[in-house]
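*Asks:* Have a look at this one.
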Amino acid sequence: MKQFSNLDQNSSNHTNLEWERQLLLDLGNDITKVRDKNDLIVLFSDRIKSLMHFTHTIVTLIDRKDETYKPFLLDHRASAIKDHPEYDDMVKACFPLDEPFIQSVVAAGGPVDFFLADIVDAPQSPAFLRVNFEKGIRHVLMTTLRTGDQPIGFIHIYTDQHDGFSQEFKDIVQRITPQLSSAVSNIIKNEEILQKENEKSFLLDFSNDMTAVRSRDDLAVVVKTALRKLNPEGGYVIRKINEDGLTMSAYLYDTGASAFDPALLERVLSEKYPINDGLQNRILDSYIPLLFNVGRELQRGYNLSYLNLWENMGFKTMVGIALRNGNANIGLLWLSIDEINIPILQGICSQIAIAMGNIMANEDILRRQAEQQLMLTFSNDITGVKSKSDLDHVVSNVLQGLFQTRIAVMYLLAEDQVTLRPYLFDRQFFQETEVAEHEEFYSLNINEQHIKLVFESNQPILLDIDETLEAKCLKLSIQREQRGINTVYASALRLGEQNLGMVWMLGERISGPLLQGICAQISTAVSNVLAHEQILRLKRELENENDYLKQQLNQDFEEIVGGGEAMQQVYRLISLVAESNSTVLLLGETGTGKELIAKAVHNASSRKEKLMIKVNCAAMPASLIESELFGHERGAFTGAVERRIGKFELANNSTLFLDEVGEMPLETQVKLLRVLQEKEMERVGGKTTIKLNVRIIAATNRDLEAEVKAGRFRSDLYYRLNVFPIKLPPLRDRREDIESLAGFFLSKFSKSIGKKTVKLSANALRQLQAYLWPGNVRELEHLIERSVILATGPMITEFFLPPATGATTEDPMRPSDLPLEEVERMHIIQILRRCGGKISGIGGAAEILGIPGNTLHSKMRKLGISKADYYAH
Amino acid sequence: MKIVIIGGTGLIGSNVTKKLRQLGHTVIAGSPSTGINALTGEGLSNALENTDVVVDLSNSPSFEDGPAIQFFETVGRNILSAELNAGVKHHVVLSIVGTHLMEGMGYMRAKKIQEDLVKSSGVPYTIVRSTQFQEFVPTIAAGGTQGSEVHVSKLDFQPIAAEEVALFIARFAISEPANGTVEIAGPVRGPMSKFVEAYVKTNDAGKTVIANDSNEYFGLAVPTSTLVPEGNAYLGETRFQEYLQSLSPQA
Ligand SMILES: NC(=O)c1ccc[n+]([C@@H]2O[C@H](COP(=O)([O-])OP(=O)(O)OC[C@H]3O[C@@H](n4cnc5c(N)ncnc54)[C@H](OP(=O)(O)O)[C@@H]3O)[C@@H](O)[C@H]2O)c1
C-alpha cells in the first residue's frame, strides 16, 4: 500500500474510508490476539507505518491521583531513544499534567504536531521531548486518548523527518483515536481482571497447599513457596507472640537471596522482642499492612537488632502485617517487598494465622497428651511407693517431665502440728548429713507468715522470694542466684483435713492445677510411706518376740519319755483331743511335764505349723498379766511407750498355753473368760476389736475345784477351762518309767558336757525307784544333771537324796501335833501311795515299812485304810 | 511538602487538591478510583511514604447509620495506623459543627467517632468543624418538601461556601497542627428557614416555605444552636446571596 505522502490527491474518500475500516478491523483482531500489552503498540505501528513514515510510537497514561502521565505502552523494538542514557528513567518517570506543552495537547480537539526544536527548551517542557530530540527526533504527533470527556492518556508518534506529518495522516489518526482509546482502556480493564484472577489463583493454590499443613515445618515450606512467588529475592520472618503475652519471637523465617552477617541473624532469631517495641505494636494495632522504611526507622532512633539485620541484608522496605485469629493477635509477618497487594497479603496472612493456630492447638494437644501420660505413669508409680527413696524417685520423675524442675524441699509436719521438718530436699543444694545435723535450723514453723499463707490456700501459691522468705527457707537464695528464679511455688500436703507437710518448688514452667494434682498424690504417698515405715517397725518388734519365743520353746522341747500304763492313758487322751479345737486343762503336780504335754497336744493338732505361745500366769506381776495377754496401745497406761501385741494376738490361729492358770488374778480371769466366750478381744487402751481363733491349753498344779470353792478362782472360768482335763500322774505313781527317764536324762546331759554316757548302778537305780519324787520328773532331771556333772567315773553308784520323810511337801500338818494312831495311819497311806498300792512283795509297802505283809494288812484294817485312801490322787 | 488528600476526588477534596498543587506542593489525591482505598487499605501505606500531611476528606458512600459508622471508624483507624507508621506530621480532618449534639443521627455519631479516633491517635492533628455548605441548602429544601410546601425549622444556621471550605482546609493543611478543633462558618447567621426560603424563592417559586418551631434537623430535634459554631469560628466571606446568584442561568 502506498504511503500517504505519496497518495494520489484524487484518490477517493471512499478508498480512504475503506482502508480505514480495514485498518480498524485488523487492529481489532490484533487486540484480541495480543499477549503482552506492548504487542498492541507494535502491531499498531506496523499497520500505520504503511501509511506514513515515523520512527516509533508510545502510549502514555494519566494518573489522576497526582495528575501526571507516564509511559504505558512502549515499542521497545522501534524506539529511537532506547540507547539514550536517560531511557530507563524516561520509562519510569511521571510527567506533570500542569505544564503548557501537555495542556495544549489536552486542550486541542485532535492530534497536534510539534516541531521539537521549538519546544524542547520551553519552560516546564517534559524531559522526554529533549531526550527524543537528542536522538534525532524532529517531530512528535500528540493525540489525547479519552473515555467520554475524560482524558485518560496520550498517543505519541515520533518521526525523524523534518517535514513532520501529513494532514491525511493526522485525519486518520484522529478518526482511529476513539478505537485506540477503547483498546487502551480495555487493556487496563483486562489487566485489572487478569490481576484479580492471578490473585485468586495464587490464593487458591496457597490455600490448597495449606490444607496439607500439619506442622510448623510443613507451614515453612508452603509459606516459602508462596512468598517466593511474590518476591523471588525477598526475605521474611513470621514472629509469634510468646506465652508471656508481652514479647514476640521468630517462628519461621527465610533470608531470601540476601547476604548477611550470620552472627547478627543468630542474635535476631534468639531474641525476644517486646510487642511494644515501637514497630511491632504499630502492626498489631493496624488492620492494614504497613510499609516500613528500614533506613528511616533507624533514623527515627529505633534501636532494634532486627532493623540492623535488615539494613545488613539490604532490605530497604519491609511490609508488616498482623496475624490474627478472629480478633486476637497471634503474631505478625515481616516481608521484604515494595508493593503492597492487600488481597494477597491479607489472604495469605489470615490463612497463616489459622494454620499457626491449628499447629499450636495441635502442639498443645500433644503436650497435654504427654502430660497426661506422665501423670498416668506418676499415678501408677506413686501407688507402689513404699519408701522414702521410692517417693523421691517417682516425684522427681514427674516433676522433671512436666515442669523441668525438682522438689526444692519437702517438709513434714511433726507431731506437735507446728514444726515442719525437712524430709526430702534437692541434694544439689543440701547434704543429707548437714540437714540431719541441723534439723532444728532447717525446720520451719507453721505459724510463720509465709508458711501460713501456704496452709491457708487450698491450692499451690506462688511466693516472691523476698528477704524474709529467704531467711526462713533453706537456701532459696542460692537457687535464686543459680537459676535466676525469683518466685517459689509452695503447696501444702494434706490428707483430707489433716495437714501432712508442704513442698517448695522452683521453676518457670510450673502449672498450678497440675501441681495441685501432684501434691494430692504425694500426700497419699507420704502417708503410705509413713504407715509402711511403722508397719516395718512393728513387724520387726514381732519378729523379735517370735525369735525369743522360739528360743524358749526350743529350749524346753524334749520328748516325753515313759511307756508305763499311766502315761499310755495320757497319750490316748492327747491323741483324742489334739485334732479338735477344744480347750484342754492339764492338771498335775509341779514338774510332771505339763508344758511338754501341752506342746504334744499342739504338735498333734492342725495348728502345729505355728508356734504355740506360752504365758506363765504365775511368773508375772498381776498388774501386767493383762497387757501380756491382750497387748496394749501406746499410752494405754504409764510406761506403755510403744504399742504392744499381746500373747492372745500372737497365738491367733495357733495355741495359747496358759501355764499356772490357777495363779491368775480374779480381774484377769474375768477378761480371759470374756475372750474365751466372745472369741475376740481388744488391746488394753484400744478401741478396735480383734477376732481370734486361738486354741487354749491351760495348766495348773492346784486343785482348781478347791480354789473355786475357796473363791479364788471363778467357777465359770473353771467350767470353760475344764472341757477336757488331762491329769498327769506324779512320778512316784509311775515308777516303771523311772529307769527310762533316768536313761534319757543321763544320755542328754552326758552329751551336753561332752562325756560318754554315764551309767547307773543297780543300787543307784533302786535308790531312784524308792524315792518319793515330790518334784516329779523335773526333780529327777535336775538330780541326774547334777550327778552327771559331779560323776567322776563312767557310772553313778549312789545318789544323795533327801531323807524320805523330810521330802514330803504334800502334808501341810506337822506330824508332832498328831496322835500316834493318826501318824501311823498317814504314814501307811503315804507309803502305799508311793508304792502304787502294792502291799507285799518287792517294792511293796510292807517291805518299806519293815513289817511282814500280813501285819500290814491287819494294821490297815485296824486303822480303816481303804483303797480309796491311797488311790485318791 | 508532600500532602495526601484522602477523598481527593470529592467535592471538597478535589478543590483542596487543586489549591495545594497551585501552592506548589506534591499532592496525592486518594480515592478508590485512584487506587487508594482507605477502607481496604489498598495503596494507602505506599501513598503515605514520605508524606508530611494527610487531609481526610473522604466520605461514606452511604449515609445510613450502620454503614456510615463502619466507614468512618475503619477509614479513620486505617489512615491513622498508616500515618503513625509513616511518621506523618499533621492530620487534618473535616468534620461538622455540632456533631456531639447530634449523636441521635448515625452519620453524626460516625463523625464524632472519626474525631475521637484522631484525638487519641498520637498524630498531631487539626479537626476542622464546618457548618453546612451553602451548596447543601437545596438538599435541605428537598428534605422538607411536602407537595408544594417546604417545611423547615428555624434552627440557627450559618452556611459556608464550599469553595471557602476548601480554602480553609488548604490553609490548615499547611499550617502547624492545632492539636484541637477549629470551627469554620459562613459570614451570616440566621434561621435555617430564611436560607431555605431564599433558595426556594429564586429556584422553585411555586413552593412555599413553612417555618416551624420543631427545632428539627432531618427529623432529629436538636438544641437551637446546634448547627452554628460554639466559639470563635473562622468565617468565610461569601454570602449566601452570591451562591444563589451563581445558580441563576444568567450567571
Ligand atoms: N457536605 C457538607 O455539608 C459537609 C459539611 C461539613 C463537613 N463535611 C465533611 O467533608 C467531607 C468531604 O465531604 P464531600 O462533600 O467533599 O464528600 P464527597 O464529595 O462525597 O467526596 C467523598 C470522597 O471520599 C472518597 N472516598 C469514598 N470512599 C473512599 C475510600 N474507601 N477510601 C478513600 N476515599 C474514599 C471519594 O472517592 P470517589 O470519588 O472515588 O468515590 C471522594 O473523593 C466529609 O467527611 C463530610 O462529612 C461535609
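The values are calculated or read from the model by the stated rules, or taken from the named source; none is laboratory data. This is a predicted model, so every value here is computed, not measured. A quick note on method: Cβ atoms are made from the backbone with ideal geometry, for glycine too, and the neighbour counts reach across all protein chains shown. When the accessible area is computed, the model is the full protein with side chains, heavy atoms only, and any ligands, DNA or RNA have been set aside. Shrake-Rupley method; radii C 1.70, N 1.55, O 1.52, S 1.80 Å.
*Asks:* How large a share of the accessible area of the protein assembly as shown, in percent, is made up of carbon and sulfur atoms when the probe is 1.4 Å and the other protein chains stay in place?
*Replies:* Carbon and sulfur: 51 percent of the exposed surface of the protein assembly as shown.
*Asks:* Okay, next question. Are any of the pairs A:K240/A:K272; A:K229/A:K272; A:K539/A:K647 more than 18 Å apart by Cα-Cα distance, and if so, which? It would help to have the intermediate numbers written out before the result.
*Replies:* Values: A:K240/A:K272 10 Å; A:K229/A:K272 29 Å; A:K539/A:K647 15 Å.
Flagged as over cut-off: A:K229/A:K272.
*Asks:* Give me the 1.4 Å probe accessible area per residue for region A:384-535, excluding ligands and nucleic acids, in Å². Kindly include the intermediate steps, with their values, before the conclusion.
*Replies:* Values: 7440 Å² over 152 residues.
Value returned for region A:384-535: 49 Å² of accessible area per residue.
*Asks:* Moving to a separate point now. For region A:432-448 and region A:147-193, what is the separation of their Cα centres, given in Å?
*Replies:* Rounded to whole Å, the Cα centres lie 98 Å apart.
*Asks:* With every atom except the alpha carbons ignored, what do you get for Rg and Dmax of region A:563-729, in angstroms?
*Replies:* Here Rg and the maximum Cα pair distance are 15.8, 53 Å.
*Asks:* Oh, and also: Using the Karplus curve 6.51 cos²θ - 1.76 cosθ + 1.60 with θ = phi - 60°, what ³J(HN,Hα) values do you get for each residue of region B:228-236, in whole Hz, with x for Gly and Pro?
*Replies:* In residue order, the calculated couplings are 10, x, 7, x, 6, 9, 6, 10, x Hz.
*Asks:* Which value, in debye to the nearest 20, describes the size of the charge dipole of the protein assembly as shown about its Cα centre when Lys and Arg Cβ atoms bear +1, Asp and Glu Cβ atoms bear -1, and nothing else is charged? Display every interim value, and only then the final one.
*Replies:* Details: 116 positive and 141 negative charges, 1064 e Å.
Computed charge dipole of the protein assembly as shown: roughly 5120 debye.
*Asks:* Size of the protein assembly as shown along its principal axes in angstrom, Cα-based, largest extent first?
*Replies:* Largest first, the protein assembly as shown extends 203, 76, 53 Å along its Cα principal axes.
*Asks:* Let me ask something else. At 1.002 mPa s and 20 °C, plugging the Kirkwood radius over alpha-carbon pairs of region A:732-871 into Stokes-Einstein gives what diffusion coefficient in µm²/s?
*Replies:* Using the Kirkwood radius from Cα pairs, D works out to 130 µm²/s.
*Asks:* Based on alpha-carbon centroids, what's the gap between region B:76-132 and region B:202-251 in Å, whole number please?
*Replies:* 25 Å
*Asks:* Okay, next question. Once phi is turned into θ = phi - 60°, what whole-Hz ³J(HN,Hα) does the Karplus curve with 6.51, -1.76 and 1.60 give for every residue of region A:235-250, x standing for Gly and Pro?
*Replies:* Running phi through 6.51 cos²θ - 1.76 cosθ + 1.60 with θ = phi - 60° gives x, 7, 9, 9, 10, 10, 5, 6, 4, 5, x, 10, 10, 10, 10, 4 Hz.
*Asks:* Moving on. For A:C519, what accessible area in Å² do you get when you roll a 1.4 Å probe over the heavy atoms of the protein chains, rounding to the nearest 10?
*Replies:* Answer for A:C519: close to 0 Å² accessible.
*Asks:* For region A:818-862, list residues with backbone N below 16 Å from a point placed 7 Å from the Cα of A:A868 toward its Cβ?
*Replies:* Answer for region A:818-862: A:861.
*Asks:* Please state the Cα pair-distance histogram of region A:364-465 with 10 angstrom bins from zero: what percent is in each bin?
*Replies:* Percent of Cα pairs in each bin: 13, 35, 38, 13, 2.
*Asks:* By DSSP, what percent of the beta bridges with both residues in the protein assembly as shown are antiparallel, rounded to the nearest 5?
*Replies:* Among the beta bridges of the protein assembly as shown, antiparallel pairing accounts for roughly 65 percent.
*Asks:* Right, next: How about A:K386: which aspartates and glutamates have a C-alpha closer than 16 Å to its C-alpha, ignoring those fewer than 8 places off in the same chain?
*Replies:* Leaving aside aspartates and glutamates fewer than 8 places away in the same chain, those within reach of A:K386 are A:E533.
*Asks:* Taking each residue of A:290-301 in turn, how many C-beta atoms of other protein chains fall within 10 Å of its C-beta, and what is the average?
*Replies:* Numbers: counts 10, 9, 4, 5, 0, 0, 4, 2, 0, 1, 1, 0.
For peptide A:290-301, the averaged partner shielding equals 3.
*Asks:* Could you name the lysines in cross-link range of A:K867, using Cα to Cα under 22 Å and dropping any fewer than eight places away on the same chain?
*Replies:* Reachable lysines: A:K727, A:K838, A:K859.
*Asks:* Which of A:F378, A:P819, B:G76 sits closest to the plus end of the dipole of the protein assembly as shown, meaning its Cα is farthest towards the positive end, when Lys and Arg get +1 and Asp and Glu get -1 on the C-beta?
*Replies:* After comparing all options, I get A:P819.
*Asks:* Just to verify a number: FRET efficiency for A:S379 and A:E678, C-beta to C-beta distance, R0 = 41 Å, to 0.05? Mind showing how you got there, number by number?
*Replies:* Values: r = 42 Å, r/R0 = 1.03.
The calculated FRET efficiency here is 0.45.
*Asks:* On to the next question. At what distance in angstrom do the alpha carbon centres of region A:64-78 and region A:314-354 lie from each other?
*Replies:* Each part's Cα centre sits 31 Å from the other's.
*Asks:* Just going by the charge dipole of chain A, with Lys and Arg at +1 and Asp and Glu at -1 on Cβ, which of A:V584, A:Q299, A:A742 is farthest out on the positive end?
*Replies:* Ranked along the dipole, the leading option is A:A742.
*Asks:* Okay, moving on. What quantity of accessible surface, computed with a 1.4 Å probe and excluding non-protein components, is buried in total between chains A and B, in Å² to the nearest 100?
*Replies:* 1800 Å²
*Asks:* Taking chain B, how many lysine pairs are there with alpha carbons less than 26 Å apart, if each pair must be eight or more places apart or span two chains?
*Replies:* Here the count comes out as 19.
*Asks:* Turning to a different aspect of this structure: If each DSSP helix of 4+ residues adds -39,500 (n - 2.57) and the sum is divided by the residues in the protein assembly as shown, what number results at 222 nm, nearest 500 deg cm²/dmol?
*Replies:* After summing the helix terms and dividing by residue count, I get -14500 deg cm²/dmol.
*Asks:* Continuing with this model, one more query. For A:V823 and A:E271 in the same chain, what is the full-extension length gain: residue separation times 0.36 nm, less their Cα-Cα distance, in nm?
*Replies:* Additional length available on full extension: 186.6 nm.
*Asks:* If I model region B:2-247 as equal point scatterers sitting on the Cα atoms and use the Debye formula, what is log10 I(q)/I(0) at q = 0.08, 0.15, 0.16 Å⁻¹?
*Replies:* So the normalised log intensities work out to -0.31, -1.03, -1.14.
*Asks:* So what's region A:384-535 giving for Rg/Rh, alpha carbon basis, Kirkwood Rh from the mean inverse pair distance?
*Replies:* Rounded to two decimals, Rg over Rh is 0.92.
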